[in-house]
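Just so you know, all these numbers are worked out from the coordinates, no wet-lab data involved. Computed from a prediction, not measured in an experiment: that's the story for all the values here. Glycine gets a Cβ as well: all are built from the backbone with ideal geometry, and neighbour counts include every protein chain shown.
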Amino acid sequence: MGLYLRKDLKGGGTIAVWEITETEKELLDILAKDEEDRDEELEEISLYQSEQARREKLSVLCLVQELFNEPSSQYPQGPVHIGHHENGSPYIENDSTRISITHTKRFSAVIVHPSEEVGIDIESIKRDFAAVEKRALSEEEREDLVEKDETDPEQMEERNTQLAIYWCAKEALYKRMDRNNVDFSRDMEVDRFSVREEGEIDVVFKYPKSEQNDEEEFEMNYEVFEDHVMVWMVG
């Protein structure tokens, strides 16, 4: 399938989504024109034992290649190289453009911005979110969930979509904040929202008491498509 979605954001920045239908060899062929410049990245990816993991990682490089090889792009043209900080967060080694990355078995996505911090996460609605509900949500957030009724498939789907939005929002914020020792249920609070095909949500990050800042509010956007939820933020 290749590039599934490209979204240029109003406040600057770009989101790109790749549907991973290609084989590993097909993805490598797409990257072939940059192969000499990507030896280190491709070697790192080759070390993953799982073919699925390698395909997901390769699809991210295909997205980056797509974004940075456009003549009219607001980003520098030519191969860019993805590195990772000690905590695993990605960065572009040869440019100051900000980047955040996410992937599932079916989709990978990146968000980039010339100067603002960014965060993105994507998740399948079909995932089992039992552990997320128990460990990542506050008591107030759990109370806002649609009632669990396993005899009602539509209600269960809405509940799972809610949980996916909660999880993706907190994951995207975690990536944007780039901090260690974050408690998802205590340090991040998602305001109540209604599930739609797309929308906005407000999230609060609560800093440790030892720091001068108390808390900071962020606005996020989300979109539901193909049994997946994607949440992103800029700034």
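Observations
- Three principal axis extents of region 175-235 based on alpha-carbon atoms, in descending order, are 42, 22, 20 Å.
- For region 1-32, applying the loop criterion from DSSP together with a ceiling of 10 other beta carbons within 10 Å to the trypsin sites (Lys or Arg not before Pro) yields K10.
- Kirkwood hydrodynamic radius of region 123-234, from the reciprocal of the average inverse Cα-Cα distance over all distinct pairs: 14.4 Å.
- Calculated mean residue ellipticity at 222 nm for the chain: -9000 deg cm²/dmol, from DSSP H runs with n ≥ 4 weighted as -39500 (n - 2.57), summed, divided by the residue count and rounded to 500.
- Calculated semi-axes √(5λ) of the Cα gyration tensor in Å (choose from [x] 31, 21, 16; [y] 24, 20, 18; [z] 34, 19, 16), label: [x]
- Contour excess over end-to-end distance, with Cα ends at D128 and E24 and 0.36 nm allotted per residue: 34.7 nm
- Gaussian network model of the chain, Cα within-10 Å springs - most flexible of E44, E123, E66: E44
- Measuring max minus min along each principal axis, the C-alpha atoms of region 1-112 give extents of 39, 29, 29 Å (largest first).
- Label-to-label distance, nm, for residues given as S50 and E215 (7 Å Cα→Cβ offset): 3.5 nm
- Across K175/K206; K105/K126; K105/K175; K7/K33; K25/K175; K170/K206, pairs whose alpha-carbon gap is larger than 22 Å: K7/K33; K25/K175
- Mean Cα-pair separation over length for region 2-116, i.e. relative contact order, pairs under 8 Å, 6 or more apart, %: 29 percent
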